[in-house]
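I have placed the structure first, in the form of structure tokens, so that the comments after it can refer back to it.
The values are calculated or read from the model by the stated rules, or taken from the named source; none is laboratory data. No experiment lies behind these values; they were computed from the predicted model shown. Reconstructed Cβ throughout: ideal geometry from the backbone, glycine too, with neighbour counts over all protein chains shown. These accessible areas exclude ligands, DNA and RNA; they are computed on the full protein's heavy atoms, side chains included. Shrake-Rupley method; radii C 1.70, N 1.55, O 1.52, S 1.80 Å.
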Amino acid sequence: MLCRFYQQGACRFGDQCRYAHEGPESLGKSAPPPPVPPPVDDRPVCTYFLAGTCNFGDTCRFSHAAQGGKKGGKKGGGKPWWKGKTKGKGVGKKGVDWEEWSAGKGPGMSGLQNNASEIDQRSLTGPYLGRGSELFKVWSMPEDMGHEDGIRAAVLMGDRVCTGGADRRLLLWRGEQQASPEQGLALAQDNEVNFSEAVTALLFEPTSRWLFCGLADGQVRAFRQEPFAEQALTGHTQPVTSLLVHESVLISGSADGAVRAWKYDAQLGGFACAATVAVPLGPVFSLLVQQPDSLWVGAQRGISCVSLQTLQPVGSIDASSRVVRLVPYQGCVLAAFADGVVKVFDASGKEQFSHGPLGEHTTNTAVALVRQPHANKDVLLCGQEYGYITAYDIPDFRPRGTFTTGYEGDISAIIDMGSDGIFATFGL
């Protein structure tokens, strides 16, 4: 497959790109000029490279130039760390990665301990969680499988994974053992629902077993298998971006700058809109109920706090970048912003901590908390553009490092699979 960024003269990965850089004549371009000799590499020499044991290859932040070694990879780039010895066709634009935290020394520290004075947080936000680190890839979706366009949303539904795509399809996946035990688990398509618009948000409520699908035209489609029920909830005028259920009330947020509350009417056998709240900070992207009675709304220009008693805005936190995700943590709220910043607020809305942007971590496109079972620690995964994810130990926000999923575009969703540190990533 040809690299579309190479065709535009803008590929940042060079010779390490996973797509073909062929056919300059067919693009009407002349042959590239001879390569310019690389500048002198003045970085400290990697002693593990000299010993033939460096795990990081072209992504190592120390010099591999000694004794004919190669210099480190390009900033923010580097070949996916699993490429070359895996089975299947890779992830592609519509792929799913299933990752696992395995025992190990952590954020690319093996091979760097001899240069401990050179280690800083900024360096750990580049592509350094590679071969030999604590990450272990369980499965990667082949390119001829799944959605025909990018995945916009994903959610666990019992023992199934649901994915919604720009191809206007909802796909259900079940886990199954691959042919040999060494290959581990895989996902197999189990069912499919087609819509008239792209799927932009998903929520599964385990108690009532309703599956809610937000669509690009502003509809929310609701499905329940037992007893069977299906309904279209209309009211929003732009894409539905976020969904949650609080005390049996469905709350939806939309790019139209409104939050709607929907109550189930048993007599009518369906949901009806009970209230609409206009958010003063623009389009809505994330919702979170913060006890005892406030709804936090992540929007284009910051965070708006809404009273659940009156359903009226009672305060706001202004921001220069849109809110990507609001995550509860130890009585506080973690707010991830599109410019790579993560802030921590207490229940009253007072800022307690701010982190980033830092090094290579300058964007946020999806965020999730997972539990590292071997170290019994919480890890914040920050999905970014170009398929990268940076991992942080929290609450101290120590960066473990960054890894690449292989997607061309943004990370659109990360979900904790709830089993032994396994998580899944999804991309556009």
Any chance the stretch 297-314 includes a residue that's of a type in the set (A, V, I, L, M), buried (at least 18 other Cβ atoms within 10 Å of the Cβ), in contact with a strand residue (DSSP E or B) (Cβ under 6 Å, 6 or more places away or on another chain) and without any contact (Cβ under 8 Å) to a residue 40 or more places away in the chain? no
Unmet criterion (only one of (1) free of Cβ contacts under 8 Å to residues at least 24 places away in the same chain; (2) touching an Asp or Glu at 6+ places or on another chain (Cβ under 6 Å); (3) surrounded by 20 or more Cβ atoms within 10 Å (Cβ to Cβ)) for V370: (1)
Enumeration of residues in the stretch 199-215 that are among the β-branched types (V, I, T) and open to solvent by less than 10 Å² (accessible area, probe 1.4 Å): V199
Pick from A153, A179: which is assigned to a strand (DSSP E or B) and either surrounded by 18 or more Cβ atoms within 10 Å (Cβ to Cβ) or at pLDDT below 75 (or both)? A153
Being within 23 Å of the chain's Cα centre (by Cα) and open to solvent by 50 Å² or more (accessible area, probe 1.4 Å) is the filter here; which residues of the stretch 239-269 pass it? V245
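Quick grid of which residues meet (1) touching a residue at least 40 places away in the same chain (Cβ under 8 Å); (2) in contact with a Leu (Cβ under 9 Å, 6 or more places away or on another chain); (3) part of a loop (DSSP other than H, G, I, E, B); (4) loosely packed, with under 13 Cβ neighbours inside 10 Å:
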{"site": "F223", "(1), (2), (3), (4)": "no, yes, no, no"}
{"site": "Q231", "(1), (2), (3), (4)": "yes, no, no, no"}
{"site": "G235", "(1), (2), (3), (4)": "yes, no, yes, no"}
{"site": "F271", "(1), (2), (3), (4)": "yes, yes, no, no"}
Quick one: in the stretch 217-248, of everything that is over 18 Å from L287 (Cβ atoms) and of a type in the set (A, V, I, L, M), which residue is modelled with the lowest pLDDT? A229
